[in-house]
Amino acid sequence: MKNKAVSVILKATFVFYILLMLQLLFRFNPLYFSSFSFNNIVRNYNLIPFHTIKGYWSGSFGVSLYEATVNLFGNIFVFTPLGLYFQTFYSKKLLRNILLMLFIPIAVELLQFTFGVGALDIDDVILNFTGGMLGILIYKMLSLFMKNSGKVKTVIAMAALLVALPALVIVVGTIITMVI
C-alpha cells in the first residue's frame, strides 16, 4: 500500500477515535449539544492509588466481576490506541509520547471532575497510562519484528481500519436511529 494511502487511513481513523473518545469520556454528543450548567453537579474523587482497583477486585463496591473487569480493562484498552497512534505518528519521540500518555489521562480526569461527567480517580490515570504504554509497546514490538517503519505503519493502518469500519457503521446507525 502506498505511503499516502496509509497516512490518510491513519489520520482518518485517528480523528474517528478521538471523536469516539470525546463521546465516551465526556458524554459529548454534538447532535444534542445544549448550554452547560454547573448547577447540581456531584463531584466524586479518589486520590489514593489502587483504592478503586482493590475495591473492584475485592467486591467491596458491590459490582459484579463482569462489571469490575469491564471497568478495569476498559480503562486500559480504551487508551491503547492512543499510545499506538502517537508512536506511529512520532516514532522518534518516545519520551514525549510517554509524557503525553501520562498528561492526557490526568487532563481527562480533571476535565471530567470539572464538568461533573465522571469521577476524578487516580486509578483511572494509572489504568489509562498503562493502556497508552501498551500501545507504545505494541508499536515497538512490531518495529522489532518488521524492521521497516513503512510496513509497521501499514499494519497499524489496516488494523485501525478493521476496527474503525464496524464502529463507524454502529455510530452511523445510532445517529440515524436518534434522528428518526
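The values are calculated or read from the model by the stated rules, or taken from the named source; none is laboratory data. Please read these numbers as outputs of a predicted model, since none were measured by experiment. A quick note on method: Cβ atoms are made from the backbone with ideal geometry, for glycine too, and the neighbour counts reach across all protein chains shown.
For segment 138-157, how many residues are surrounded by 13 or more Cβ atoms within 10 Å (Cβ to Cβ) and either touching a helix residue (DSSP H, G or I) at 6+ places or on another chain (Cβ under 6 Å) or farther than 10 Å from T88 by Cα (or both)? Looking only at that region, the number is 12.
Of the set (1) modelled with pLDDT of 90 or more; (2) closer than 26 Å to V6 by Cβ; (3) surrounded by fewer than 17 Cβ atoms within 10 Å (Cβ to Cβ), all apply to F103 but (2).
Residue by residue, here is whether (1) under 20 Å from K11 (Cβ atoms); (2) in contact with a Pro (Cβ under 9 Å, 6 or more places away or on another chain) holds:
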| residue | (1), (2) |
| --- | --- |
| L127 | no, yes |
| L134 | no, no |
| Y139 | yes, no |
| L142 | yes, no |
| N148 | no, no |
| V152 | yes, no |
| A159 | yes, no |
| V179 | no, no |
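Considering the conditions (1) surrounded by 13 or more Cβ atoms within 10 Å (Cβ to Cβ); (2) in contact (Cβ under 8 Å) with a residue 40 or more places away in the chain; (3) more than 14 Å from F129 (Cβ to Cβ); (4) among the hydrophobic types (A, V, I, L, M, F, W, C), L47 is excluded by exactly one of them, (1). Would it be correct to say that K151 is free of Cβ contacts under 8 Å to residues at least 12 places away in the same chain, over 30 Å from N44 (Cα atoms) and among the charged types (D, E, K, R)? Yes, satisfied. If the condition is being surrounded by fewer than 17 Cβ atoms within 10 Å (Cβ to Cβ) and in contact (Cβ under 8 Å) with a residue 40 or more places away in the chain, then segment 109-125 contributes L111, F115, G116, V117, A119.
Take the conditions (1) over 16 Å from the mean Cα position of the chain (by Cα); (2) among the aromatic types (F, W, Y); (3) under 19 Å from M21 (Cα atoms); (4) at pLDDT 90 or above; F115 misses just one of them, which is (4).
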